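Report on the structure given below.
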Amino acid sequence: MDGLSDRFGRRIRYLRISVTDRCNLRCVYCLPAAGVRWQPREQLLRFEEIRDVVRTGVRLGITHVRLTGGEPLVREGVVDLVRMLSAIPQLEDLSLTTNGVLLARHAQALARSGLRRVNVSLDTVQADRFAAVTRFGAIDDVYAGLEAALDAGLRPVKLNVVVMRGVNDDELVELGRLAVDRPLHVRFIELMPIGDYFARERLVPSDEILARLRALGELRRIDGPAGCGPARAYTWPGARGTIGIIGAVTQAFCAQCNRLRLTATGQLRPCLDQESAVDLVPALRPRVDHERLAQHIQDAVAAKP
């Protein structure tokens, strides 16, 4: 067996870690405007426990780790967690996904602590529309975060754009132009059927997204070594960045899925889109049992659908 492989022969090397379920925004496709019930803080994994999971995962074959939330930057001390994880030998890549609101104040410290790269959610370039989609957000905070990330040397800086018909699909060309003018990597993501916001009429298929982006010029597919993500990458001649298309609905990438997801409360999910999980907490508390932890991780891989 080459590292962690599931029963379908997929090599599992990517671990997404939710460090908190809390968020400082309420994006319409993600959370309700009010009434969200957060997990009690004592139920969240401690940073030392997350480190133990990553250490064991790396020993088994995990090479890439991404920190997510909720919004990971709202958890106090997350820079310390980055420092702890970046010190693990054989961990090839450590990244973070954020809404960007707090990124300006943390980018330099994150980079110094060993973070390699960052993904920032940005569904629109219009300030009023941004406020409507996120409910609480100010787009200038995100722009400041992008500049801070570039200045800190985090590379690449990727923008995650969830495309919604009638909401922001009229901005596809303008958003794509960010990858022409700046060293940014803009990833257009189909709206996924999660929560109550999804409706088929809001879905913009990836082929349509790509066709609209050709208004900026002839797109060239970027071929190369397969990365850890599902995006199909393209660029234009002379562009400083790239675009990526993630057809999560119309071009499902399950056959190439190489990841597991660890929730903030220690549930290891074999599939990002399903609730079934292996509970790692008994292997972590009251003290870590490395052998049992390794077995639980292997059980999750074996259960991947």
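The values are calculated or read from the model by the stated rules, or taken from the named source; none is laboratory data. Given the structure is predicted, the values throughout are model-derived calculations rather than measurements. Heads up, the Cβs are rebuilt from the backbone with ideal geometry, glycines too, and the neighbour counts pull from every protein chain shown. Side chains are part of the model used for accessible areas, which takes the heavy atoms of the whole protein and leaves out ligands, DNA and RNA. Shrake-Rupley method; radii C 1.70, N 1.55, O 1.52, S 1.80 Å.
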* To do: Run GLY100 past the list (1) crowded, with 22+ Cβ neighbours inside 10 Å; (2) on the phi < 0 side of the Ramachandran plot; (3) out of contact with any Cys (no Cβ under 9 Å at 6 or more places or on another chain) and report the number of the one that doesn't hold.
  => (2)
* To do: Scan region 189-219 residue by residue and report those that are open to solvent by 70 Å² or more (accessible area, probe 1.4 Å), in a loop (DSSP other than H, G, I, E, B) and among the hydrophobic types (A, V, I, L, M, F, W, C).
  => MET192, ILE194
* Structure fact -> Considering region 68-86, residues that are touching a Gly at 6+ places or on another chain (Cβ under 7 Å) and not polar (S, T, N, Q), and then whichever is surrounded by the fewest Cβ atoms within 10 Å (Cβ to Cβ), we arrive at ARG83
* To do: Name the residue, out of ARG55, ARG59, ARG7, ARG11, that is under 17 Å from ALA300 (Cα atoms), in contact with a Ser or Thr (Cβ under 7 Å, 6 or more places away or on another chain) and not polar (S, T, N, Q).
  => ARG11
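Kindly indicate whether GLN295 is closer than 21 Å to ARG13 by Cα, open to solvent by 60 Å² or more (accessible area, probe 1.4 Å) and at pLDDT 95 or above.
Numbers: closer than 21 Å to ARG13 by Cα: yes; open to solvent by 60 Å² or more (accessible area, probe 1.4 Å): yes; at pLDDT 95 or above: yes.
Yes: the conditions hold for GLN295.
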* **Neighbours by Cβ (under 6 Å, 6+ apart or cross-chain): first from region 17-43, free of Cβ contacts under 8 Å to residues at least 40 places away in the same chain; second buried (at least 17 other Cβ atoms within 10 Å of the Cβ)** => TRP38/ASP21; TRP38/ARG22
* **Of all residues in region 249-292 being assigned to a loop (DSSP other than H, G, I, E, B) and acidic (Asp, Glu), the one that is least open to solvent (accessible area, probe 1.4 Å)** => ASP289
* Asked: Among the residues of region 187-200, is any under 19 Å from the mean Cα position of the chain (by Cα) and on the phi > 0 side of the Ramachandran plot?
  -> yes
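Do you know which residues across region 31-57 are among the hydrophobic types (A, V, I, L, M, F, W, C) and surrounded by fewer than 20 Cβ atoms within 10 Å (Cβ to Cβ)? First the steps, then the outcome.
The initial filter retains those residues of region 31-57 that are among the hydrophobic types (A, V, I, L, M, F, W, C), namely 31, 33-34, 36, 38, 44-45, 47, 50, 53-54.
Listed by number, the residues that qualify are LEU31, ALA33, ALA34, VAL36, TRP38, PHE47.
Condition check: in contact (Cβ under 8 Å) with a residue 60 or more places away in the chain and at negative phi. Does GLN256 satisfy that?
It is true that GLN256 is in contact (Cβ under 8 Å) with a residue 60 or more places away in the chain and at negative phi.
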* Across region 259-305, what is the number of residues that are under 17 Å from ARG16 (Cα atoms), without any contact (Cβ under 8 Å) to a residue 24 or more places away in the chain and among the basic types (Lys, Arg)? -> 0
* Residue ID - nearest to ILE243 (Cα to Cα), chosen from residues in region 193-212 that are out of contact with any Phe, Trp or Tyr (no Cβ under 7 Å at 6 or more places or on another chain) and aliphatic (A, V, I, L, M) -> LEU210
* Got at least one residue in region 129-146 being hydroxyl-bearing (Ser, Thr, Tyr), open to solvent by 10 Å² or more (accessible area, probe 1.4 Å) and over 18 Å from TYR29 (Cβ atoms)? -> yes
